[in-house]
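Right, I'll just put the structure down here and ask away after.
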Amino acid sequence: MIVDLPDTNTSKISKALVRIREEGGAVALGRVLTLIIASTHGHEEVAIEAANDASREHPMRVIVVSTAAVDGPDPDAEARVDAEIRVGGDAGASEVIVLRVYGEAGADPESLVTGLLLPDAPVVAWWPGEAPHIPAESPLGRIAYRRITDASAQSDPQAALHRLCTTYRPGDTDFAWTRLTLWRAQLAAVLDQPPYETITAVEVTGAADSPSTALLAAWLQMQLKVPVDYELTTGPLANGIHGVSLTRESGVISLEREVPDVATLAQPGQPTQDLTLKRRSLRDCLSDELRRLDPDELYGEVITHGLPHLADAVALQAGV
């Protein structure tokens, strides 16, 4: 069910939620968190769909704040808030409140959502598109336990990733890191098997628009304590992480993904294997991040220490 509330305010939205519960039997019990999605006009539905899917694992209230631009309101537009409440089949296991904000009504997004937050429940903020320069200091970021960004959705993914090195605050995370979960698990599983030889060199390759490639290289350099070479490629077929090569005394371990969702693992003295290694969807990434509401300390170490050290090493090798 979808209820439209044109030109409204927070008080009217709250009353409408109560009325919907009383008349339709919808309940807010069992909601474990409030997810705030900061989006722009016309780009809300993909994020809402991912949140609805994730809500089946994490029942929640979803509040979508949609403005003309993520960095502020359109001063020339008439101040107005159009709301939409979705429950039942249109909201998965959540209840969705869409706030389409115009003009100066979006000058203080924190006040727009405060009266709609679930009481005594943690708040997670997600920017599926362009994100604030410092998410933790933005109006929505200040009230959130966790703050989720996506460097790959920025106009310059690599620059956005390196900006995170200086703007990171505990509680921040980025989908560029979440997309590495399957890669990290597979590489750890390979190195957990004999022979237990020291890794002497690492190579990582990926697309230029894939910030996950640099994060994977930084993580490997931190964990293995060896220099890592990483190469970013361009072209119509360049997409995501391409592969990782680990060199040790007995030979080279190669994990390459040349076709979507399938990776080839080659190890000395063993037959080549084809492994399922899917690119993670928005729903998968969001569900993964909502499983923990405490700061991701490993991500914090990689983004604040591992990535800058990797960049310094690459600059040194290039003679910069």
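The values are calculated or read from the model by the stated rules, or taken from the named source; none is laboratory data. No experiment lies behind these values; they were computed from the predicted model shown. Neighbour counts are summed over all protein chains in view; Cβ atoms, including those assigned to glycine, are modelled from backbone coordinates with ideal geometry. The area values use the complete protein model at the heavy-atom level, side chains included, leaving out ligands, DNA and RNA. Shrake-Rupley method; radii C 1.70, N 1.55, O 1.52, S 1.80 Å.
Whether any residue in region 139-157 is more than 14 Å from the chain's Cα centre (by Cα) and within 21 Å of ASN239 (Cβ to Cβ) is what I want to check.
There is at least one residue in region 139-157 that is more than 14 Å from the chain's Cα centre (by Cα) and within 21 Å of ASN239 (Cβ to Cβ).
Something else now. Name the one entry in GLU104, GLU110, GLU95, GLU130 that is under 16 Å from the mean Cα position of the chain (by Cα) and modelled with pLDDT under 95.
None of the others qualify; the one that does is GLU130.
Go over the candidates GLU137, GLU95, GLU104, GLU130 one by one and state the one that is crowded, with 16+ Cβ neighbours inside 10 Å, of a type in the set (Asp, Glu) and out of contact with any Lys or Arg (no Cβ under 7 Å at 6 or more places or on another chain).
Exactly one residue qualifies, and that residue is GLU130.
Out of ARG291, ARG280, ARG257, I need the residue that is among the basic types (Lys, Arg), over 26 Å from VAL46 (Cα atoms) and modelled with pLDDT under 95. Which one?
ARG257
Further, regarding this structure: Of all residues in region 138-172 being aliphatic (A, V, I, L, M) and touching a Pro at 6+ places or on another chain (Cβ under 8 Å), which is nearest to SER111 (Cα to Cα)?
LEU140
Okay, moving on. Got a sec? Which of VAL204, VAL252 is free of Cβ contacts under 8 Å to residues at least 60 places away in the same chain, hydrophobic (A, V, I, L, M, F, W, C), open to solvent by less than 80 Å² (accessible area, probe 1.4 Å) and over 19 Å from LEU180 (Cβ atoms)?
Exactly one residue qualifies, and that residue is VAL252.
Let me ask another. Among the listed residues LEU215, LEU191, which satisfies the condition of being of a type in the set (A, V, I, L, M) and at pLDDT 95 or above?
LEU215
What residue, among those in region 207-228 that are free of Cβ contacts under 8 Å to residues at least 40 places away in the same chain and of a type outside the set (A, V, I, L, M, F, W, C), is nearest to SER155 (Cα to Cα)?
Among them, the one singled out is THR213.
Cβ-Cβ under 9 Å, sequence separation 6+ or interchain: first residue in region 96-112 and at positive phi, partner outside any strand (DSSP E or B) and modelled with pLDDT under 90. Which pairs?
GLY103/ALA68; GLY103/PRO73; GLY103/ASP74; GLY103/PRO75; GLY103/ASP76; GLY103/ALA77; GLY103/GLU78; GLY103/ALA79
Now, a different point. So GLU197 clears everything in (1) open to solvent by 50 Å² or more (accessible area, probe 1.4 Å); (2) farther than 19 Å from GLU249 by Cα; (3) of a type in the set (Asp, Glu) except one condition, right? Which one?
So the condition that GLU197 fails would be (2).
Restricting to region 220-246, and then to whatever is of a type in the set (Val, Ile, Thr) and surrounded by fewer than 17 Cβ atoms within 10 Å (Cβ to Cβ), can you tell me which residue is modelled with the highest pLDDT?
VAL226
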